[in-house]
Every structure is written in structure tokens, then in C-alpha cells.
């Protein structure tokens, strides 16, 4: 293969398919038909002498060679786009709808400030909230169900940082702030009157916030490593519900400290230090490669990062001190 004879348009198709991991979505993005995309990939395969992308039941899977060359092709295309079509974005005139996924308590923290900014600076911008039902929203982003996900996604961001993977990922992330887990109960609970011990914690009845409904979480993994377990009497999928139930029962739960106020029951709840070590609660923002250069999406991400710095930097500082 001679680079001089290579049709560079094929690289745009390759980049779109690698980004979307799906021929139909790539075709829609490129304003092409799916057969045209398939034909372009066939020509590129012949030029590069590699299968590049293999069909699977869920889309396409890149070969090792495709994963190796994609980052360089992506960077080159971005540089060309920047040189030929510089960005021009006026948020005051932008007609955009963003779909965002986050837990109910997280939304309570973020949405008021975002809505105030939109009403003041971006009157034609709309937000649509989508339920967050998983600790791994990558497929929601890949499918285009949401434009942005915010939350605690243990394991996901470690993989995206490259410590556990060698392949390029279409998902990007940025850490917004870091908090800590605490045990939460109503202020008249018997355990609220004395230091919380491992025995008293394990002997209590527990409520677990579980997006999937599975009655096993990070705390249970920690306890299992110590040869202990707890009785989970109830699982719920909302932090607001957790606050309501715990405030009027003898169940106890574990919540990120910074989410207690968003339950609306902070005046009757108390927090106690857990009698064992737990990982920090890292709140991250995730988005898809397709939106990296989108000026509206960049504006939204920049606003959220600024909000995190202005409103939540004290949470991260307090967590680091402890």
C-alpha cells in the first residue's frame, strides 16, 4: 500500500466506526448509507491488508492493528478539522438538548446551578434527565442514550485511565470531586448514642442503595474480606428514598457524606464514621468520543467543571485531610 494512493476519506469512515462501534450509528453520523460505509471499510481493509473491524452480535470489534492506528488517525483528523473549520459557538443562540444521567441526589446538587446558568446565558438550551440504573454507564454513552453521565463509577475510571487496558476507548472522563462514605441513621437510633463498632454495625438491619436492585455492594465486599457480613433488609434505587426510610425506621445505611443534605432529611439524620476503611467516593464525568470536539458539549463540560471547583472543592479537601 502506498500512502500517496490511499483515499483519505476512508480514514474518516474508519474513525466514525471506531468511535461508534456500530455501522448504523457511524453511517448516521457521516450522513451516509450503511452499504456505503461497509464498502468504504472493505476498500480500507484491502489497502491496509487487515480486517480492521469484525462484526459481532453487538456491533463491531476492532482488531489489534485497528486499535493501534486509531489514536494517531484520530489526532490527525482533529488537527485538520481545527485548521480548516475553527470553532465558533455562541451559547446565547445555541438550540441544543442534552441528555444527562445521574442519581437523584447527585442531580439535586448539580441541577439548580446549571438551570440558573441556562436561564441567564443559554435560553434555548434544554436538559433531559435519564435514570442512572448502573455503575457502568459506558454502553449508555456508546448507544447515544445519554450525552453525559455523572456519578461514582468504581472500576470504570480505573480502566479508562489505562491501568487495566491497552486498547483505546471511545469513552472520556474527568474527575469532579472526591468524597467519603459514612454510616447514616436517624438521630434517635440506639447506635447514634455511642461509638459505632464493627459488631454493632454488622448486627444492625441495613438499607442498601442499589441501582440494579442487587443486594450486595462495595460495603459487603469490604466486610466479606474481613470475614463478616450484614443483614440487608431493604434495597432502594434512590438516595431520597433511602433518606426517608432511614429517618423513620431503625434501618441504617451507608451514603457519601456530601449526599446527606440532598435527601431532604438532614435535620433528623446523623452520620457516624464507619468502623472499617472504605475507598474514597470519586465523582466523575463521562462522555463519548463523538462529543469531544462538539462546542456545545465542551461548554457544558466546562460549566460542570467550574461548578465542581466552586461548590465542591471543600469536599475533596476534607476527604484528603482524613
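In this calculation the C-beta distance from residue 65 to residue 188 is compared with R0 = 45 Å, giving a FRET efficiency of 0.10. Taking a ≥ b ≥ c as the square roots of the eigenvalues of the Cα gyration tensor, the stretch 51-93 is oblate, since a/c reaches 1.5 or more and a/b is not larger than b/c. Once the Cβ-Cβ distance of residue 73 and residue 143 is raised to the sixth power relative to R0 = 25 Å, the FRET efficiency obtained is 0.60. Most mobile of 278, 82, 133 per a Gaussian network model of the chain (Cα springs, under 10 Å)? Residue with maximal mean-square fluctuation among 278, 82, 133: 82.
Can you tell me how the stretch 181-279 classifies by the Cα gyration tensor, rounded, prolate or oblate, using a/c under 1.5 as the rounded cut? It comes out oblate by the Cα gyration axes. A simple spin-label model places pseudo-atoms 7 Å from Cα toward Cβ; at residue 126 and residue 33 they are separated by 3.2 nm.
Subtracting the Cα-Cα distance of residue 203 and residue 298 from their residue separation scaled by 0.36 nm leaves 29.4 nm.
Computed on the stretch 3-84, with alpha-carbon pairs under 8 angstrom and 6+ residues apart, the relative contact order is 27 percent. As a rough footprinting exposure proxy, the listed residues 229, 298 were ranked by other beta carbons within 10 Å of their own, and the order from fewest upward is 229, 298.
Assuming R0 = 56 Å, can you tell me the calculated FRET efficiency for the pair residue 54 and residue 222, based on Cβ-Cβ distance, to the nearest 0.05? That pair, residue 54 with residue 222, gives E of 0.90. Calculated from the alpha-carbon coordinates, the chain shows an Rg and a Dmax of 23.5, 78 Å respectively. Under the criterion of Cα pairs below 8 Å and six or more residues apart, the relative contact order for the chain equals 20 percent. Once both axes come from the Cα atoms, what is the angle between helix 9-20 and the longest principal axis of the chain, in degrees from 0 to 90, rounded to 10? Here the helix axis deviates by roughly 20 degrees.
Beta bridges assigned by DSSP with both partners in the chain are antiparallel in approximately 60 percent of cases. Note that the stretch 1-159 shows a convex hull volume over its alpha carbon atoms of 151 Å³ per residue. Computed from Cα positions, the angle between helix 64-84 and the longest principal axis of the chain comes to roughly 80 degrees.
Relative to its residue count, the stretch 3-84 spans a Cα convex hull of 95 Å³ per residue. Helix 104-121 and the longest principal axis of the C-alpha atoms of the chain enclose an angle of approximately 60°. Among 79, 67, the order by Cβ neighbours within 10 angstrom, fewest to most, reads 79, 67.
Every number here is computed from the coordinates shown, using simple stated rules; none is lab data. For clarity, every value in this text was computed on a predicted model and none was experimentally measured. Neighbour counts run over all protein chains shown; Cβ positions are idealised from the backbone, glycine included.
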